[in-house]
Amino acid sequence: MCFRYTIVVPHYNNFQGLLNLISSIPQRSDIEIIIVDDSSEYRILNQLKNLMLGYNKLSMSLYLNDSGVKGAGSARNIGLKNATGKYLLFCDSDDYFVNNAFDIIDSKINRDDFDIYYFKPTSKCLISGEKSDRHIPYSKLIDDYLMGKNQNIRYKFYVPWSKVYLREYIIKNKFKFDQVIASNDVMFSLLSASKARVLASNETFYCVTRGVGTLTVNFSRHILSSRLKVSLVESKYIHDNNINVEKDSIYSLVKKSRFKLSLLEFKLIMNSYNKGYVRLFPESYSEYLTNPRKLYHRLLNKKPSIKNKKYQE
């Protein structure tokens, strides 16, 4: 059977979230759902298997991450390998599609002049039920692109969700997710978008959530280390390919690592700086040297971090 869309969903110990996601997908014969479980506990895995046996309203398949490498990157690669739809969508199991999502997608992609179509996401805090701000940087990238064709959308839209990919383009170029514990999607998003035919819409079909204990608010040592290593690879790629985008900096890398660097990691950062891959300070900070009032107003109006204790387990 030929599917128009394949939705790839990595899953780990979040059965209720997965049910919420599935319930937001319309019951259409042209949609294929591939769930890849990443070593969930035995009870959850049984729930998944029972779901597959009893669910016949959607074309849905379950795969197990048997790659030997745990993580969403490995799970997504398994889904990518088994996808058959013309178009690919990647979802996280704690997110969901908004009402009429696929009507919106259908109305936009009925054309053959793109490889990746970006859409504005929205976001929700699962703790308060209120709108989150997790989507804001990605929405701004789309605004900047639509207003002036700013190409940062290719290099700073790090996540795979809220996009529609032409599967043939991804397969032909052999793009894969990194098999790392965190930031598995950064290089996939960068590499796939670098030379893609890109389109963007200010309409929304996807809601990303933020809840307790999710990877985005996990600041354990091995998670931070994984993110740093990916950032350094990203910086080298941007430098080597002469991509016109703001470089990372020593300051931002140390800050993103929450000042928990090993001596070896700090040496890696300094090596990247010596080779010109990263800057000393963010480019935007240079304006504060000529206009200190801007820094004062930025600090004065700084919002509380969304990565606070209420999201920790």
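The values are calculated or read from the model by the stated rules, or taken from the named source; none is laboratory data. The model shown is predicted, which means the values in this text are computed figures rather than measured ones. Heads up, the Cβs are rebuilt from the backbone with ideal geometry, glycines too, and the neighbour counts pull from every protein chain shown.
Looking at the structure I just gave you, is residue 117 surrounded by 15 or more Cβ atoms within 10 Å (Cβ to Cβ), among the hydroxyl-bearing types (Ser, Thr, Tyr) and closer than 19 Å to residue 171 by Cα? Yes; evaluated as a whole, the condition is true for this residue.
Contact map, region 35-62: first residue not assigned by TED's automatic domain parsing to the domain that holds residue 23, second residue at pLDDT 90 or above, Cβ cut-off under 8 Å, separation 6 or more or different chains; the map is empty.
Run down 9, 69 and say which single residue is in a strand (DSSP E or B) and in the same structural domain as residue 105 (by TED's automatic domain parsing).
Working: 69 fails: in a strand (DSSP E or B).
Going through 9, 69 in turn, just one is in a strand (DSSP E or B) and in the same structural domain as residue 105 (by TED's automatic domain parsing): 9.
Screening residue 305 against (1) at pLDDT 95 or above; (2) hydroxyl-bearing (Ser, Thr, Tyr); (3) loosely packed, with under 10 Cβ neighbours inside 10 Å leaves a single unmet condition, (1).
Filtering region 171-190 to residues that are of a type in the set (A, V, I, L, M, F, W, C) and surrounded by 18 or more Cβ atoms within 10 Å (Cβ to Cβ) leaves 175, 177, 180, 181, 182, 186, 187, 188, 190.
Is at least one residue of region 135-145 under 19 Å from residue 109 (Cα atoms), of a type in the set (A, V, I, L, M), part of a loop (DSSP other than H, G, I, E, B) and at pLDDT 95 or above? The answer is no, given that none of the residues of region 135-145 is under 19 Å from residue 109 (Cα atoms), of a type in the set (A, V, I, L, M), part of a loop (DSSP other than H, G, I, E, B) and at pLDDT 95 or above.
Here's the yes/no breakdown for (1) among the hydroxyl-bearing types (Ser, Thr, Tyr); (2) within 29 Å of residue 15 (Cβ to Cβ); (3) in the same structural domain as residue 178 (by TED's automatic domain parsing); (4) in contact with a strand residue (DSSP E or B) (Cβ under 6 Å, 6 or more places away or on another chain):
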site	(1), (2), (3), (4)
86	no, no, yes, no
122	yes, yes, yes, yes
125	no, yes, yes, yes
135	no, yes, yes, yes
149	no, no, yes, no
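When you go through 221, 227, 197, 210 one by one, which is the residue that is of a type in the set (D, E, K, R) and in contact with a strand residue (DSSP E or B) (Cβ under 7 Å, 6 or more places away or on another chain)? Only one candidate passes the filter, namely 210.
Within region 43-66, restricting attention to residues that are part of a loop (DSSP other than H, G, I, E, B) and more than 21 Å from the chain's Cα centre (by Cα), which residue is surrounded by the fewest Cβ atoms within 10 Å (Cβ to Cβ)? Break it down into steps so the answer makes sense when it comes.
Of the residues in region 43-66, the ones part of a loop (DSSP other than H, G, I, E, B) are 55-58, 65-66.
Adding the requirement that they be more than 21 Å from the chain's Cα centre (by Cα) leaves 55-58, 66.
Values: 55: 13, 56: 8, 57: 10, 58: 15, 66: 10.
Selected residue: 56.
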